[in-house]
Amino acid sequence: MIVAVYGATGRTGRLVSNRLSDLGVDLRLVGRDERGLRAFARNGRIAGRCFVAPLGDSRQLDVALSRSDLVINCAGPYAETCEPLLAAALRNRVHYMDMSAEGALVKSVYDRWDEPARAAGVFAAPAVGAMGALGEWATDVLVKRLGDRPTKICVTYVQSIEQLLAISPGTIESATSGQFMAPMDTRELRRIALPEPYGEGQAVRVGGVEESTISRKHPGCDVRVYLSVDPGGPFNAPFIRLAAERPVWMSVATGIQRILGRWPLGEVLRGCRAEGVGKGAALLVEVETACGDGQALAFRARDPYEASADIVQLIVGHLVVCDPLPSGAVFASDLINPGYALRWLHEQGKVAVHRQE
């Protein structure tokens, strides 16, 4: 399988490229900076061809994707990169995948690109990352376990303060693009309880991708997405207050990062993360049925970017031996069995899975 990684020199792109290199696929590194692409390939010892292809240059995009089987978009904000790259993928009959966490963008892929993708005989799979795939897979597993129609599904993303400060510039742009944080309803808070090393705290409602994916799979179900920082810790209450008073708080995150990057504190936090210190990130998925039954799964990962790369590696490894491949705008569960995927991630130590009654 020939796989093109767009945005290969970014944080997510590097992780995905390294995972796919380990998998042994024929890799193409694609982006806008030729020097950066070649330096990454050389220093990372990645055996892959480099292609310079700005999103506005359809000819160069066609060259980069020609004879590829799959393109993985790792360049955010996806509201800007998805459409030109997806259009190029369909022109060249190449399957498309991204790790978008932008709810409105994901909805547009299902609304606008399903029929064109079917006509081209390829799939378009948005939100195939830690934000998107895990929530959808967990929902499928819980609904099957409960054996009844779901009426309410809550997906809560949790960040430690360490991970909040480690958010990449592309993620910040995605969050402030009006796709994720803008739909925040600061009046709707809920209490959550997570396994160690977290605890109890509050979460605020946001506009997550699950409202576009899970709700399509379960029409009529009330699907809500929440965000929390440091539940059980000292930063949870300040986060909730700041979110409630100033919903655009994420817009200052880039400036904070730049300031911290000049301080010793920035180095300390980076060192802590490198040593595995800190709480990382977590996800809580809760499902209720029409009969009043309910179950939940909680996930914990040291780093959500690493977890996204692990998910992509798992899916691509499955696609290599999968025939035929689906077509149209698809879900993460259309690419691999959800139960198997979660079990593999847990057994390999990629994501810790906790069952909660």
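Brief remarks on what is shown
- Amide N of region 18-35 lying under 20 Å from the label point, which is placed 7 angstrom from the Cα of R45 along Cα→Cβ: 18-29
- Within the shell defined by Cβ-Cβ distances under 9 Å, the residues around A120 carry a net charge of +3, with Lys and Arg each +1 and Asp and Glu each -1.
- Charge tally around H346: other residues with Cβ under 13 Å, Lys/Arg +1 each, Asp/Glu -1 each, net +2.
- Here the residues E288, E115, ranked from fewest to most Cβ neighbours within 10 Å of their Cβ, fall in the order E115, E288.
- Net +/- balance of residues flanking G56 in space, Cβ distance below 11 Å, scoring K and R +1, D and E -1: 0
Every number in this text was worked out from the coordinates using simple rules, so none of it is lab data. Since we're looking at a predicted model, the values are computed, not measured. Neighbour counts run over all protein chains shown; Cβ positions are idealised from the backbone, glycine included.
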